[in-house]
Amino acid sequence: MPWLWRRGTAFAIWGFVAMAVADPAAAADPGGAEAPGTRGGAGGVEYGSPVRGAQPPQATRFSVTPHTTTAGGRPPSIVLRVDEPGVRRVTARIVFWPAHGSDAAIVRIPLGTVRTGRTIRVAWPKGAALAAGRYTVRLHAADQGGLQLRRSRSAPGRRVLTVKPKPKPKPKPTPAPTPAPLAPPSVQAPPATAGGVFPVRGAFTYGDGFGVGRVGHTHQGVDVLAPQGTPIVAPTAGTIRFTDYQASAAGEYLVERLADGRDIFLAHCVRHSTAVVAGQAVAAGTRLCDLGATGDASGPHLHFELWPDGWRDVKKTVPVDPLPQLKAWAR
């Protein structure tokens, strides 16, 4: 090494050389920046590590409405907002976690990259559906530095949603009896049979007869007018086939199959006055019900029909004019 004749300078350079020789490790050091936390612990920020003191993203708004919905119905509305000072975008997703004891599956809605400082209404992905159960709905967000969403007391980024099972379809109501085909006026009643009693046990008069015009149809029986509560009896021995109630038409009614195979239909009895049940055998004169005005009736009367081939049992069966038979029983 060349000597420099200035004493101060010569000593300074010599001292530097001596220090370098005294430290073999320093001579072998390839150089470069020191990693944070090594040797002297001088600090610094390692690449990709969060900045010390930076604020994480925060949900300033997160709502799930309504809190209760129905499986298969309209999904709930989700509105959110994420804020983070100095950060314009974060990656976010929403996760539906089934509550304890629920068999429902986890549902995830990825939102991708969202802008901070803006209110966002979540669009449900096509085909996403929630099974019945109770869910904890959580918002997850992270910035590019890896800081995760901080949940505050005012907007924790978590809500509870209840999904009720889809209601079972209500059973279809039993349709009212379909009116029988209209009886042509030319249909003649078979000869009246002897024996039997008149079905109204009391003073009576005849009202509208068979074939009288009605709105949309014709009268299929004969009306027998008598005071309210007059007993209605079986005209001959037979078996009760049906008892029922039709509020908008026949009212309380019953059907008896006579011993000769014909059916009679008796309507407008006093409500809950029927004294027989389906399948019961009756003798002539057995009380069946009381004459009334239930259903579509303008006053107390017995609507009486006669069906030679069975009451609505056979396709295209029709009633016939029962007046000859009623008069035979009245004698």
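Coordinate-derived values only; no laboratory data. This one's a predicted model, so the numbers in the text were calculated from it and none came from an experiment. Counting neighbours? That spans all protein chains shown, and the Cβs are built from the backbone with ideal geometry, glycine included.
Close amide H contacts of Asp321 (hydrogens built in the peptide plane, cut-off under 5 Å, sequence separation of 5 or more or a different chain): Ala189.
Database remark: amide H of Arg241 closer than 5 angstrom to the amide H of Val255, Glu256, Arg257, Gly279 (H placed geometrically; neighbours at sequence offset of 5 or more, or on other chains; Pro and chain starts carry no H).
Here the simple spin-label model places points 7 Å from the Cα toward Cβ, and for His100 and Asp296 these points are separated by 6.2 nm.
Annotation: region 284-327 has a Kirkwood hydrodynamic radius of 12.8 angstrom, from the mean reciprocal C-alpha pair distance. Separation of region 94-143 and region 250-300, taken as the distance between their Cα centroids, equals 64 angstrom. Once backbone amide H atoms are built at 1.01 Å from N, Val90 has Val114, Thr116 as its partners under 5 Å, excluding neighbours fewer than 5 places away on the same chain. Each other residue within a Cβ distance under 14 Å of Gly72 adds +1 if Lys or Arg and -1 if Asp or Glu, for a net charge of +4.
By the rule of a C-alpha distance below 25 Å, with chain neighbours fewer than 8 residues away ignored, the lysines paired with Lys172 are Lys164, Lys315. Subtracting the Cα-Cα distance of Lys168 and Ala259 from their residue separation scaled by 0.36 nm leaves 28.1 nm.
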